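Working notes for the structure below.
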Amino acid sequence: MKNSPLLNLTLALLLVLIVGFLLEIGQPILVPVVTAVIAIYVMMTTADALQKLPLLNLLPPALLRAFALVVFVLALYAFAVVVASTVTDMLNAAPGYQENIAHFLSTIEEQFHIDTSAFKDNFIASTFGNWSVRSIILTVLGGFTSIGASAFLIVLYATFLMAERSRFGHRIAAALGNRGQAEKVEEIIRDINRQIGTYLTIKTLINIILGGASYLILIFLQVDFALFWAIMIALLNYIPYFGSLLAVLFPVVLSVAQTGSLLHTALLAALLVGAQVYVGNFLEPRLVGRQLNLSPFVIVVALSIWSALWGIAGAILAVPMTSVIVIVLASFDETRFIAILLSDRVGDEEKEEA
């Protein structure tokens, strides 16, 4: 029975179902932990990069890491404050937004002779029930408020992880006992640290640039809650393929609710899409390249799975978590074939692109 393919497949599927169930019910605990681990990668890579700069290389590495941690804590605190205040302000402005949307739909009906009642009664009603702008705001931004609510736990976990990181290798060697196994595990961890750390740090830098450009556009067109939407654009850009679409959609819809002007909305959409196109097609390929060797199909499937398990947080964390799984699978002969199936480039293709 040990060599039965059917038994092995059944046990593998059962294991996947059990792990998926545990991930779903453990979301309140696991999401802050995983987020803290991802943040550690960015902070450590940033601290290492700062240490290579003139004058800063004279400072102790521990001081630079502490500086990175302080910046992360302040950024997370600012994010939580902005989210909380923005949701409150949006709910207060909801009645005026609803009137502007009604006026906008009436204008569309008059200018283009289109009946918008089907859109209001069918699409919006089926999506949000007895719809109102207030209910839509709560539905759309609910996921972001849950991320903000976990800020304290994320900071706490990140602080302890940063403090214990230097002793992690020694603990692995002591736990495994076998020096060969310990070296193998440490090699896997170094590979994960190198690929994921570099990817996340450069991706974060790109997202900050995109968020800054979007903020200037939103301020120029006087869109409400410009800082909040700029942060959301930067955050959602971690989600491949679909994140950029969502990032532009939210402030554009708000523009309709705020102004009721088709021209203003179209101009805002054009400028935000232009910034996304430049970053996605020119800036990001130059800086990030193809560091994470994942098939586009695998990325889409990973987004679907992690989003179903953990919502928006899962979508943001999907790519780095899937990359870690592939790196681990590729490190063992028994599972290397799975890593190859999940990869975008294999063998000679990687050599040709190197």
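The values are calculated or read from the model by the stated rules, or taken from the named source; none is laboratory data. All figures in this text were calculated on a predicted structure; none of them were measured in a lab. Quick reminder, even Gly has a Cβ in these numbers, built from the backbone with ideal geometry, and neighbours come from all protein chains shown. These accessible areas exclude ligands, DNA and RNA; they are computed on the full protein's heavy atoms, side chains included. Shrake-Rupley method; radii C 1.70, N 1.55, O 1.52, S 1.80 Å.
The figures follow:
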| item | result |
| --- | --- |
| Output for the stretch 230-243, where each listed residue is at negative phi and either in contact with a Gly (Cβ under 8 Å, 6 or more places away or on another chain) or open to solvent by 10 Å² or more (accessible area, probe 1.4 Å) (or both) | 230, 231, 233, 234, 235, 236, 237, 238, 239, 240, 242 |
| Meets criteria (under 21 Å from residue 82 (Cβ atoms) and open to solvent by 70 Å² or more (accessible area, probe 1.4 Å)) for residue 209 | yes |
| Among (1) open to solvent by 60 Å² or more (accessible area, probe 1.4 Å); (2) at pLDDT 90 or above; (3) of a type in the set (Ser, Thr, Tyr) - the single one residue 214 does not satisfy | (1) |
| Scan of the stretch 16-61 for residues that are open to solvent by 70 Å² or more (accessible area, probe 1.4 Å), farther than 22 Å from residue 205 by Cα and in a helix (DSSP H, G or I), ordered by number | 16, 17, 18, 21, 22, 24, 25, 28, 29, 58 |
| The stretch 315-337: number of residues that are outside any loop (DSSP other than H, G, I, E, B) and free of Cβ contacts under 8 Å to residues at least 60 places away in the same chain | 7 |
| The stretch 218-229 - residue that is open to solvent by less than 30 Å² (accessible area, probe 1.4 Å) and under 20 Å from residue 266 (Cα atoms) and, of those, modelled with the highest pLDDT | 218 |
| Among residues of the stretch 250-281, those that are more than 21 Å from residue 96 (Cβ to Cβ) and surrounded by fewer than 19 Cβ atoms within 10 Å (Cβ to Cβ), counted | 11 |
| Count of residues meeting criterion [within 16 Å of residue 207 (Cβ to Cβ) and assigned to a helix (DSSP H, G or I)] in the stretch 221-279 | 25 |
| Filter result for the condition that a residue is closer than 29 Å to residue 294 by Cα and touching a residue at least 40 places away in the same chain (Cβ under 8 Å), over 235, 246 | 235 |
